[in-house]
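The values are calculated or read from the model by the stated rules, or taken from the named source; none is laboratory data. Bear in mind the structure is a predicted one, so any value in this text is a computation, not a measurement. Using ideal geometry, Cβ is built from the backbone for each residue, glycine included, and neighbour counts are taken over all protein chains shown.
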Amino acid sequence: MVTCQQAGPQIIRLTRNGVLLFPASTLPDEFPAVWQRQDTIRMESARTGQYEAITADGKHLRATLQNSALQREVKGTWDVRFTPGWGAPELCRFPSLTC
């Protein structure tokens, strides 16, 4: 699941369901990927829940990631081609994908 929200300064605090993820002395088992591109903060996580980020200027950004986004079947056969010379086969065929 990917969520995008308008943002500005850096994230100084991140929680999931009220549990502190960042900053923390140790990283949780599944830490969401968070990055900023221009004025948008993007977050990707396989974990459901209520996320809240606080930015350096005090903005509170909230996102809810729900179960329905965790797995989806991509129907149909997929052909994946690889660049020659890297040791991978030229082509792999997958009858189905789950993402």
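If we keep just the residues of the range 65-82 that are part of a strand (DSSP E or B) and modelled with pLDDT under 85, which is nearest to Phe94 (Cα to Cα)? It comes out as Val74.
Here are Gly87, Gly58: which of them is at pLDDT 85 or above, more than 21 Å from the chain's Cα centre (by Cα), over 29 Å from Gln10 (Cα atoms) and among the small types (Gly, Ala, Ser)? Even if it seems obvious, please write down each step before you answer.
Details: Gly58 fails: over 29 Å from Gln10 (Cα atoms).
On inspection, the qualifying residue turns out to be Gly87.
Is the range 41-54 home to any residue that is loosely packed, with under 12 Cβ neighbours inside 10 Å and modelled with pLDDT of 85 or more? No, because not a single residue in the range 41-54 is loosely packed, with under 12 Cβ neighbours inside 10 Å and modelled with pLDDT of 85 or more.
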